[in-house]
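Okay, structure first, notes after.
Nothing in this text is a laboratory measurement; each read-out follows from the coordinates by a stated rule. What you see is a predicted model; the values in this text were computed from it and never measured. Please note: Cβ atoms are built from the backbone with ideal geometry, for glycine as well, and neighbour counts cover all protein chains shown.
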Amino acid sequence: MRYWLGWSELRPIVWSEGINAWVELCSARVELLGSTWKVRKPKPWKHPQPITVAQLRQMRDEFWDTAPHYGGQKEIWDALRVASESEVSHAQAIVESAGIIVSNADLTLCYDERGLFDMSGAKYELPKYVLSEPTNLIRDS
């Protein structure tokens, strides 16, 4: 029997039961983890209309309050929140220690490492507004 573990560089990664199962599983995990990105700052972006710092804060709070209800583990969402509010070097350490697979280097798309073992890993999509400020942000005076 074979289990699908995901994709790495457009090739499926599978695990087979049998004598080489553990070696195959470990190499598949390393192969997939090796294809993750280093965290970087998001590219500059523009909101459809200028927003204030207070509006941006409200949007972020609403996102983080509702995100766990769309699936995934609360612990991973919490780690992503801390990473999104941290400097890049700290963000990298946070996602690595939490077992988060970074699919997009700006953290807009991540996965839970658990899926490599039991297919229960979740997809975590972060909007740019929780990761950085828009170029047309209105600073409060």
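Entry for the range 37-138 at q = 0.16, 0.25 Å⁻¹: log10 I(q)/I(0) = -0.68, -1.39, Debye formula applied to identical alpha-carbon scatterers, no solvent contribution.
If the chain between MET59 and LYS74 were fully stretched, how many nm would it gain, using 0.36 nm times the residue separation less the Cα-Cα distance?
Result: 3.5 nm gained on full extension.
Relative contact order of the range 37-138, please, whole-number percent, based on alpha carbon pairs below 8 angstrom and at least 6 residues apart.
41
For the range 37-138, the share of DSSP beta bridges that are antiparallel, to the nearest 5, is 75%. Among residues other than PRO44 with Cβ under 15 Å from its Cβ, the summed charge is +3 (Lys and Arg +1, Asp and Glu -1).
On full extension, the segment bounded by LEU109 and SER132 gains 6.8 nm, given 0.36 nm per residue less the C-alpha separation.
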